[in-house]
Ligand SMILES: [Zn+2]
């Protein structure tokens, strides 16, 4: 995607009048209607009173920093999404993929420019799970939008990242190969280039870049929220071949477990993106049921239960479609599609919201 195009997109975002995003989808017709735990290194020569005085001073400073005045937010809830980044532009544009990533993906530079613009324009990341609640009304379970209390002047932004699975067929296309972690729990990426060179970086994929950005600008994240990773399952997740057909399935599951635990501990959440990235509206009820069952048995045990369903291709189901009932019965409550503007509809048993893609379609 060309830089000037993303720059243009950002400007449009700022103006809150969004250009058509990726996906050919429309809204279904029935949619008309802290405390900071501070640990002080225990110096044996320091007296207890010194430690507590010092700790109190630090705590006060921290509390002032992290607890701005919260006010009720009544405006639009924004939800944007990205795909994996183009980590190696030379490979992506000149290698065997020959620019194939350009439609869905942005480069590292473009992603960083987006973050800068979003931050400058007072967006704040919120956890999608904090935007709704399930209440009991007259014996019925109802899903409702939740009142958001945010720092004054901030606009809530949900960010999701689709398909961070690193399909083995797309290795050497210019993306990284997998998400790894250093001994301190910081995320990095691992990539083996065609030349055989191994690249380990903390600066070429969404996860480490956003983590570092939030560390630098804590007020870009409310309550430590990062983004939601919308995962399929047919080739595993995050670059680990955890799928049933993988010969190393068990060892790959063991390898990805600490990554998932660390992601969850640092504000990242997960969503279902179907198992095989199928067309929800086109496939039969039986195939859809099978696809969902596979995700629930293969991926959900790894990432934990989620209420968020991100439709592959943004292809939303009508609430009258029996396939939608399968998703409700599996506990999904928030359904995300793709559309050119933010739109949210609160059905009694679910919430439907659109997302705007930041990609190379425009
Ligand atoms: Zn997808």
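A few comments on the model shown:
- None of 326, 259 is in contact with a strand residue (DSSP E or B) (Cβ under 8 Å, 6 or more places away or on another chain) and more than 16 Å from the ligand (Cβ to nearest atom) except 259.
- From the options 199, 214, residue that is modelled with pLDDT of 95 or more and part of a helix (DSSP H, G or I): 214
- Residues satisfying the stated conditions in the range 70-104, i.e. modelled with pLDDT under 95, assigned to a loop (DSSP other than H, G, I, E, B) and in contact with a strand residue (DSSP E or B) (Cβ under 7 Å, 6 or more places away or on another chain): 104
- Candidates are the residues of the range 105-130 that are touching a strand residue (DSSP E or B) at 6+ places or on another chain (Cβ under 7 Å) and part of a loop (DSSP other than H, G, I, E, B); the one that is nearest to residue 268 (Cα to Cα) is 127.
- Whenever a residue of the range 154-177 is part of a helix (DSSP H, G or I), its partners that are at pLDDT 95 or above and within 16 Å of the ligand (Cβ to nearest atom), lying with C-beta atoms within less than 7 angstrom and at least six residues away or across chains, give the pairs 168/235.
- Every listed requirement among (1) at pLDDT below 95; (2) under 18 Å from the mean Cα position of the chain (by Cα) is met by residue 171 save one, (2).
- For the range 343-358, the set of residues classified as in contact with a helix residue (DSSP H, G or I) (Cβ under 9 Å, 6 or more places away or on another chain) and not in a strand (DSSP E or B) consists of 343, 347, 349, 350, 358, listed by residue number.
- Filter result for the condition that a residue is over 21 Å from residue 356 (Cβ atoms), surrounded by 19 or more Cβ atoms within 10 Å (Cβ to Cβ) and away from the ligand (no atom under 15 Å from the Cβ), over 303, 299: 303
- Qualifying residue in the range 296-305 (condition: assigned to a loop (DSSP other than H, G, I, E, B) and more than 27 Å from residue 85 (Cβ to Cβ)): yes
- Selection from the range 219-267 of residues that are over 19 Å from residue 295 (Cα atoms) and assigned to a loop (DSSP other than H, G, I, E, B): 225, 226, 227, 266, 267
The values are calculated or read from the model by the stated rules, or taken from the named source; none is laboratory data. What you are looking at is a predicted structure, and each value in this text was computed from that prediction instead of being measured. With ideal geometry, Cβ positions are generated from the backbone for all residues, glycine too; neighbour counts draw on all protein chains shown.
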